[in-house]
Ligand code: PMP
């Protein structure tokens, strides 16, 4: 395919005329389509319908005899659920606290504890410090950035490459003692789709930081959300906790996940996993925040997905629904946009998003044009702190919620918008 940059003036005029006609024709169709929602489709929710009938009447006791209908003895929940998450995280069961229906809430709690009480006894509460800075790999998850912003944390952006953020750049940034942490989605990133390489994880675990209470918020929301069953087509993420222990930084990482995109978002269970000291401190403070999380929901999930093999099989059914949508979009991006020299993307092997990088200065215009043609996309800039993408290039595509039969027309609209915006940019 000839690159737009190589078109003659006459060819460009003809192309612009053709695109204008497509644009008018899409507008006349009054489409109302949406590729902005990073949530499961109805067909995916259907996969977990049996959850609604669990646990069965009479089956309300945990393995240690805990009656899940009643208050729990402590905030840590059922040992078997701690074990279940421990296996997913790759840490011992006693380093896990299963939480409520949201990992974001657990992250918010961890930040609140650090700000009010200090990350661990002996450290100054971050709320008493003049400045707190965090490393934020971009593009990243907008909820993280808005949350950090509410705490008054200064966000330092680091670009996410094919293997994650650049270790050399991070090593340099952590020489500043005001840099107290980093927040990231290390596997099948939202929205980058990138999984951090072993070298990146090793650097994060081993690097010396000026702040002794440096914390990594490791939001592993997509840890089992592979798009492919074949092991060689999956990404692998190194166990950062093991590496932190090896390098003598075991308190550095706070790991989070949830079942939100395994079963029902908003009605699942979340979990935090961290070092013995971090877990003890979280437990000490959580003890007076609540008596305990929802153990009936913990039991319900355990009955539905009793072990790692059951999780694998269930996630493979999700993947069967998601994969064709991702592959269709990736194919159109590759054939009609990348080959025309109008952007690039990292084909994700899991997770919920494809991040398309348009020619610099085009993302906002593309999203605007799509909107005019009846296709809603995530606002350009949303994946950056303060909603500003300095290059105005990244666009998050979320294929999951859209109907599979709508995706071809969504992509025709998208290609039209990318070509229109790029030509506008190149000819100005
Ligand atoms: N973290 C990431 C990276 C996410 O993409 C999402 C869902 N969009 C969440 C957290 C939300 O998880 P939860 O429902 O457990 O709060």
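The values are calculated or read from the model by the stated rules, or taken from the named source; none is laboratory data. This structure is a prediction, so every number in the text was calculated from the model and none was measured. Cβ sites come from the backbone with ideal geometry, for glycine too, and all protein chains shown count toward neighbours.
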Count of region 144-165 residues which are over 17 Å from residue 187 (Cβ atoms) and out of contact with any strand residue (DSSP E or B) (no Cβ under 8 Å at 6 or more places or on another chain):
5
Can you confirm whether residue 210 is out of contact with any helix residue (DSSP H, G or I) (no Cβ under 7 Å at 6 or more places or on another chain) and either more than 16 Å from the ligand (Cβ to nearest atom) or over 19 Å from residue 105 (Cα atoms) (or both)?
yes
Regarding residue 110, is this residue closer than 15 Å to residue 280 by Cβ and within 14 Å of the ligand (Cβ to nearest atom)?
yes
Quick check on my filter: what residues within region 303-336 are touching a helix residue (DSSP H, G or I) at 6+ places or on another chain (Cβ under 6 Å) and under 19 Å from residue 68 (Cα atoms)?
304, 305
Exactly one of (1) touching a strand residue (DSSP E or B) at 6+ places or on another chain (Cβ under 6 Å); (2) over 20 Å from residue 219 (Cα atoms) is unmet by residue 353. Its number?
(2)
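So which residues in region 381-428 are more than 22 Å from residue 361 (Cβ to Cβ) and crowded, with 23+ Cβ neighbours inside 10 Å?
First, the residues of region 381-428 that are more than 22 Å from residue 361 (Cβ to Cβ): 398-412.
Once the filter is applied, which keeps residues that are more than 22 Å from residue 361 (Cβ to Cβ) and crowded, with 23+ Cβ neighbours inside 10 Å, region 381-428 yields 399, 410.
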Would you pick out the residues in region 360-380 that are in contact with a helix residue (DSSP H, G or I) (Cβ under 6 Å, 6 or more places away or on another chain) and surrounded by fewer than 17 Cβ atoms within 10 Å (Cβ to Cβ)?
361
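Quick check, is residue 219 within 16 Å of the ligand (Cβ to nearest atom) and touching a strand residue (DSSP E or B) at 6+ places or on another chain (Cβ under 8 Å)? Reasoning before the result, please.
Values: within 16 Å of the ligand (Cβ to nearest atom): yes; touching a strand residue (DSSP E or B) at 6+ places or on another chain (Cβ under 8 Å): yes.
In short, yes.
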Filtering region 216-248 for residues that are under 21 Å from residue 174 (Cα atoms) and surrounded by 20 or more Cβ atoms within 10 Å (Cβ to Cβ) leaves a count of 8
Condition broken by residue 86, with the remaining ones in (1) within 16 Å of the ligand (Cβ to nearest atom); (2) part of a helix (DSSP H, G or I); (3) surrounded by 18 or more Cβ atoms within 10 Å (Cβ to Cβ) satisfied:
(1)
Do we find that residue 191 is farther than 17 Å from residue 90 by Cα, surrounded by 23 or more Cβ atoms within 10 Å (Cβ to Cβ) and either within 16 Å of the ligand (Cβ to nearest atom) or under 14 Å from the mean Cα position of the chain (by Cα) (or both) in this structure?
yes
Residue 77: passes all of (1) modelled with pLDDT of 95 or more; (2) within 16 Å of the ligand (Cβ to nearest atom); (3) farther than 30 Å from residue 370 by Cβ but (1)
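Select from region 1-42 the residues that are closer than 20 Å to residue 424 by Cα and part of a loop (DSSP other than H, G, I, E, B) and list them in ascending order. Walk me through it before giving the result.
From region 1-42, those closer than 20 Å to residue 424 by Cα are 1-27; that's our starting set.
Within region 1-42, 1, 2, 3, 7, 8 meet the criteria.
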Which of (1) within 20 Å of the chain's Cα centre (by Cα); (2) surrounded by 22 or more Cβ atoms within 10 Å (Cβ to Cβ); (3) farther than 24 Å from residue 348 by Cα does residue 205 not meet, given it meets every other one?
(1)
Would you call residue 127 over 23 Å from the mean Cα position of the chain (by Cα), away from the ligand (no atom under 16 Å from the Cβ), part of a loop (DSSP other than H, G, I, E, B) and surrounded by fewer than 22 Cβ atoms within 10 Å (Cβ to Cβ)?
no
Looking at this structure, is residue 116 free of Cβ contacts under 8 Å to residues at least 60 places away in the same chain and under 27 Å from the mean Cα position of the chain (by Cα)?
yes
